[in-house]
1. Among the numbered criteria (1) touching a Gly at 6+ places or on another chain (Cβ under 8 Å); (2) closer than 23 Å to H54 by Cβ; (3) modelled with pLDDT under 90; (4) not hydrophobic (A, V, I, L, M, F, W, C), which single criterion is violated by P101?
2. What do you reckon, is A156 surrounded by 17 or more Cβ atoms within 10 Å (Cβ to Cβ), among the hydrophobic types (A, V, I, L, M, F, W, C) and either touching a Leu at 6+ places or on another chain (Cβ under 8 Å) or not in a loop (DSSP other than H, G, I, E, B) (or both)?
3. Is it true that R401 is in the same structural domain as V258 (by TED's automatic domain parsing), basic (K, R) and closer than 23 Å to Y263 by Cα?
4. When residues of the stretch 18-52 are filtered for being in contact with a helix residue (DSSP H, G or I) (Cβ under 9 Å, 6 or more places away or on another chain), of a type in the set (G, A, S) and crowded, with 19+ Cβ neighbours inside 10 Å, how many remain?
5. Go through (1) closer than 23 Å to G16 by Cβ; (2) surrounded by 15 or more Cβ atoms within 10 Å (Cβ to Cβ) for S320 and report which single condition fails.
6. I364: in the same structural domain as A395 (by TED's automatic domain parsing), of a type in the set (A, V, I, L, M, F, W, C) and assigned to a helix (DSSP H, G or I), yes or no?
7. Which residues, counting only those in the stretch 318-354, are without any contact (Cβ under 8 Å) to a residue 40 or more places away in the chain and under 21 Å from A382 (Cα atoms)?
8. From the list K254, K234, K239, which one is at pLDDT below 95, of a type in the set (K, R) and surrounded by 15 or more Cβ atoms within 10 Å (Cβ to Cβ)?
Amino acid sequence: MKILSITAGAAGMYCGSCFRDNALAAELMARGHEVTLLPLYTPTRTDEANVSEHRVFFGGISVYLEQHSALFRKTPPVLDRLWDSTALLSLLSRVAIRTDPRQLGELTVSMLRGEEGFQRKEIEKLFEWLKSQPLPDVVNLPNSLLIGLARPIRQALGRPVCCTLQGEDLFLEGLEKSYRDGALELIRGSTRFVDLFTPVSRYYSNFMSSYLLIPAEKMRVVPLGINLAGYEPKCEPSKGVYTIGYFARVAPEKGLDVLCSAYRLLREKTPSQKARLKVAGYLGHEHHSYLRAVEKQMEDWGLADEFSYLGVLDREEKISFLQGLDVLSVPASYDEPKGMFLLESMAAGTPVVQPRRGAFIEIIESTGGGILVDPDNPEALAEGILSLWNDPSRARALGLRGAEGVQRHYSVRKMADETLRAYEALTN
């Protein structure tokens, strides 16, 4: 099967959606399918071999310039190539290109207008390139924020268009109200140009069907999957220092402050024992003050020596980090649709304690790799973690069960199987 899969770069950060798109494309390629993984905005960043095309379409610099100046909507390709180069995009994505929805309302609405938006020239450049490529059997969009491309792609290629749904509501809800309302209206008006939506969880299928007014018959869940190469459950439980981990973006909605409050309560009940709280994950410029406030709070509680932020980890470092934990918790304050960090933790044999919300519920229930507690409740979170601290045998059993559950339900092989079934149903 020939598959054109579009993916959206995330301005230089490790991004769960980029990981998913890349892992899926690599698995399908390994099976002999012809997959073109085409990045938009910026080059993608993954901690595995990157199989995306080297050329970036809708370069982040171009779409910004075209949004704010009519002059750049008419510049010739020879000039566009200067600021569309992957080298320049890679450099600027680390220091200048932002993904904060509060700053991207106008651009989001313009992109959703497709050929009627200010980025029409980018669509024309994309289609000019596609003329030189084999005609795909199916085209996949990475999220509904790019649904403005659905109609022109269907008209130009005459092929089915799928759209993955994997967490874009958080971005949409972060837009200023007038832009959010406009974006939702445009997305809902374009769903008819998509043949099939593939949400990454049952929770998200139900939520997005209502949120975007998508008929249930156009939804087909393709569960999230991860590449399990290199993951092995740790051989022995840690001794001496009980280590609680957090592995996700460092941002308020991911709940690091809630975990720190729970940690304080936990330490009040375990004053004579040794413990630490280790944090890793991407930290955006806009959230530096948030981390500083968390660190200051831990210092005020007398726990600064037990707290450490390790930054962004590559794949080898990530697996080692997760294997070195006794328990992982990312107590998000919203209904998370993916929970990739849970799959990674459980694949390493580390149990999880999570709030009872979003996709966390189905992931933990299907794998058996952790426990659920009341959301937004540091006391309940502390009690959940303490229950595993006090029962190492149970914690070990949960870790092993979770690793087996991820192998069974959330491997990249399983994700590829379900993806192919979805595509074949449209093309046969």
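The values are calculated or read from the model by the stated rules, or taken from the named source; none is laboratory data. All figures in this text were calculated on a predicted structure; none of them were measured in a lab. Cβ: placed from backbone, ideal geometry, glycine included. Neighbour counts: every protein chain shown.
1. Exception for P101: condition (2).
2. Numbers: surrounded by 17 or more Cβ atoms within 10 Å (Cβ to Cβ): no; among the hydrophobic types (A, V, I, L, M, F, W, C): yes; either touching a Leu at 6+ places or on another chain (Cβ under 8 Å) or not in a loop (DSSP other than H, G, I, E, B) (or both): yes.
Judged against the criteria, A156 is not a match.
3. Numbers: in the same structural domain as V258 (by TED's automatic domain parsing): yes; basic (K, R): yes; closer than 23 Å to Y263 by Cα: no.
The answer is no for R401.
4. 3
5. With (1) closer than 23 Å to G16 by Cβ; (2) surrounded by 15 or more Cβ atoms within 10 Å (Cβ to Cβ) applied to S320, the lone miss is (2).
6. Values: in the same structural domain as A395 (by TED's automatic domain parsing): yes; of a type in the set (A, V, I, L, M, F, W, C): yes; assigned to a helix (DSSP H, G or I): yes.
Against the criterion (in the same structural domain as A395 (by TED's automatic domain parsing), of a type in the set (A, V, I, L, M, F, W, C) and assigned to a helix (DSSP H, G or I)), I364 qualifies.
7. Step one: list which residues in the stretch 318-354 are without any contact (Cβ under 8 Å) to a residue 40 or more places away in the chain, which gives 320, 342, 353-354.
Once the filter is applied, which keeps residues that are without any contact (Cβ under 8 Å) to a residue 40 or more places away in the chain and under 21 Å from A382 (Cα atoms), the stretch 318-354 yields L342, V353, Q354.
8. Criteria check complete, one pass: K234.
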